[in-house]
Amino acid sequence: MIAAVRGEVLLRRPDHVVVEASGVGYRLTVSAETLRSVPGAGQEVFLHAELIARDDSLALYGFSSEEERDLFRELISVSGVGPKVAIAALSGGPPRELLRAIAAGDAKRFQAVPGIGKRTAERILVELREKVAGALEQAPVIAAGEDAGPRALARDGLVNLGYAPMEAEDLLEGLEEADPEVLITSALRRAGTRSGG
């Protein structure tokens, strides 16, 4: 199992890169998001990797962060989402943005991806929403002290999802709830409404 590749960039194309490591050139399919962090030919790069074995092929996928690789794994676990479609979805923005779209139930965000129709977009949200929520539930507790109130816990949870502190405060404005998880869900729903999702 190839988990990561470090080496010299030989080739940089819109959908893949070739990295030479110990005399072997590895072709890694990458998202537009990862490609931004890959330097030009002749420079060193480090990419997390995922090897997908099919009956007739072996394909290697490269990621600039573990977060993106983990999200790729989650996406391809959904029926109807293959590696190519998952890479297309990841090309639309940072992994945090996609996680927020899943948590907020933003189906339109996924329907905009080539190869994802309405039914598949809904399946992604249904199957992955709980996993994202699971991360949400743990994050605020770790980030804040035990004596922090529900609002502080919710704010920290939103910050962990990639929102700026001021943005998190704004989303929580006027929400009254004793449970931080409910506050986070309400704030994400509000964010989704504002973005037109």
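A simple charge model with +1 on the Cβ of Lys and Arg, -1 on the Cβ of Asp and Glu and nothing else charged puts the dipole of the chain at about 940 debye relative to its Cα centre.
Full extension of the segment from A152 to E97, taken as 0.36 nm per residue of separation minus the current Cα-Cα distance, would add 17.6 nm.
Spin-label pair E44-A59: with each label point 7 Å from Cα along the Cα-Cβ axis, the two points sit 3.1 nm from one another.
Have a look at F46, F110, F63 and tell me which one the Gaussian network model of the chain (Cα, springs below 10 Å) gives the largest fluctuation. Residue with maximal mean-square fluctuation among F46, F110, F63: F46. The residue list L75, V132, A152 was ranked by how far each Cα lies along the charge dipole of the chain toward its positive end, using unit charges on Cβ atoms, and L75 comes out on top.
Amide H to amide H distances under 5 Å link V30 with H16, V17, G62, where only residues 5 or more positions off or on other chains count and H is placed in the peptide plane. The packing ranking, built from the mean of other Cβ atoms within 10 Å per residue, places the peptides 180-190, 77-87, 33-43 in the order 180-190, 77-87, 33-43, highest first.
Computed extension gain for D15 through K108, at 0.36 nm per residue and net of the alpha carbon distance, reaches 31.1 nm. Each helix, a run of at least 4 DSSP H residues, gives -39500 (n - 2.57); summed and divided by the residues of the chain, these come to -15000 deg cm²/dmol at 222 nm. A crude spin-label estimate for the pair S37 and V126, with each label 7 Å from Cα along the Cβ direction, gives 3.3 nm. For the chain, the antiparallel share of DSSP beta bridges with both residues in that region comes to about 90%.
Bear in mind that the values in this text are calculations on the coordinates, not laboratory data. Note that the structure is a prediction, hence the values are computed from the model and not measured. In this analysis, Cβ positions are derived from the backbone assuming ideal geometry, glycine residues included, and neighbour counts consider all displayed protein chains.
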